[in-house]
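*Asks:* First, the structure itself, so that you have it in front of you.
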Amino acid sequence: MIWGLLLSLRPRQWIKNLFLFAGLVFSRNLLNLPLLWTVLAAFGLFCLLSGSVYLINDILDRQRDRRHPIKRLRPVASGQVPVNVALGVALALALGSLALSFHLQPAFGGVASAYFFLISAYSLWLKHYVIVDVMAVAMGFVLRAVAGAVVIDVPISHWLLICTVLVALFLALGKRRHELVLLEEGAGEHRGILREYSPYLLDQMIAVVTASTVVTYALYTVSRGTVQKFGTTRLIWTFPFVLYGVFRYLYLIHRRGSGGRPEEALLSDLALLLDVLL
């Protein structure tokens, strides 16, 4: 049961919380050890907080998960972890991590609370509304990025917010497409909102978001504010890596069927991982 609880916290999906480091990196404070330790603490708290949300989501979705070819193996859906135990652990993690968040930095605690209520609202209501569902997921990523900037008291760039929204929408739409293709006729039974989507519609939306992401990042690298901050015009040299990363992920979605779990695609695909590091 303990192992099942740990799995239910989705450690692999904690990689999404790396968005908290965006403010640290783009404010040029990555090597500032005091600030780095602060963001690491914030990262840990968000991992606990997101873990509590995953547990709550598994409790709410346990009946639907039992009809999914993969999700039926989740500890709560399979019965490995009793519902009352999962709920108790989820509440303890949520309350504990929020209390520590306010102790770390009051503004950070406020953003963490907003994140928790947004994702909880998504699990309860927002995931049932077409387009709103993926936008709610994207806003979760934005709040992660905002939290990372707030906790070290650095300005939140509008470029950071726009790029985060677009990348998050790209990942969320890719996941919806993977579910739709994987489950085929049974997609609507597993997740009702999938009845409102089609592979063609999702491909159109992904195309819009992909183009917007690439163009936004290109404009960011050559903007006057960016050039002044970094003291160089050479940031545009990173553009080919961003372009390759987007194309590689599209390849994984369409040819390898890897869009269902973005965190696994990043960790398991050597070419994509190397591109991110570069």
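Computed from the coordinates by the stated procedures, all read-outs in this text should not be read as laboratory data. The structure displayed is predicted, hence computed values, not measured ones. Please note: Cβ atoms are built from the backbone with ideal geometry, for glycine as well, and neighbour counts cover all protein chains shown.
*Asks:* Using packing as a proxy for protection, rank 171-181, 79-89 so that the peptide with the highest average count of other Cβ atoms within 10 Å comes first. Please list the in-between numbers first.
*Replies:* On the way: 171-181: 21.9, 79-89: 15.4.
Highest mean packing first, the order is 171-181, 79-89.
*Asks:* Continuing with the same structure: What nm value, rounded to one decimal, do you get for the distance between residue 15 and residue 132 when each label is placed 7 Å out toward the C-beta?
*Replies:* 3.2 nm
*Asks:* At what distance in angstrom do the alpha carbon centres of region 105-168 and region 59-83 lie from each other?
*Replies:* Going from one Cα centre to the other spans 27 Å.
*Asks:* Now for a separate question. So, by mean Cβ neighbours within 10 angstrom, what's the order for 218-229, 96-107, 131-142 with the highest one leading?
*Replies:* Values: 218-229: 13.7, 96-107: 16.5, 131-142: 19.5.
So the order, starting with the most tightly packed, is 131-142, 96-107, 218-229.
*Asks:* When the helix-only estimate is applied to the chain (DSSP H runs of n ≥ 4, each -39,500 (n - 2.57), divided by the residue count), what is the mean residue ellipticity at 222 nm, nearest 500 deg cm²/dmol? Spell out each step's value before the answer.
*Replies:* Numbers: 15 runs with 201 residues, N = 278.
Value at 222 nm, helices only, nearest 500: -23000 deg cm²/dmol.
*Asks:* Less than 26 Å apart at the alpha-carbon level, and either on another chain or at least 8 residues along: which lysines does that give for residue 16?
*Replies:* 71, 127, 175
*Asks:* Compute the Kirkwood hydrodynamic radius of region 1-153, taking the inverse of the mean of 1/r over all pairs of distinct Cα atoms, and give it in Å to one decimal. Walk me through the intermediate numbers first.
*Replies:* Details: mean 1/r = 0.0624 Å⁻¹.
One decimal place: 16.0 Å for the Kirkwood radius.
*Asks:* Cα convex hull of region 157-278: how many Å³ per residue?
*Replies:* Values: hull volume 12.8 nm³, N = 122.
With only Cα atoms used, region 157-278 gives 105 Å³ per residue.
*Asks:* Taking the chain, how much of its Cα-Cα pair set, in percent, is spaced more than 31 angstrom apart? Could you put the intermediate results ahead of the total?
*Replies:* On the way: 10869 of 38503 pairs.
When all Cα pairs of the chain are counted, 28 percent exceed 31 Å.
*Asks:* Read phi for every residue in region 222-230 and hand back ³J(HN,Hα) as whole Hz from Karplus 6.51 cos²θ - 1.76 cosθ + 1.60, θ = phi - 60°, with x for Gly and Pro.
*Replies:* Here the 3J(HN,Hα) series is 10, 5, 4, x, 5, 4, 5, 5, 8 Hz.
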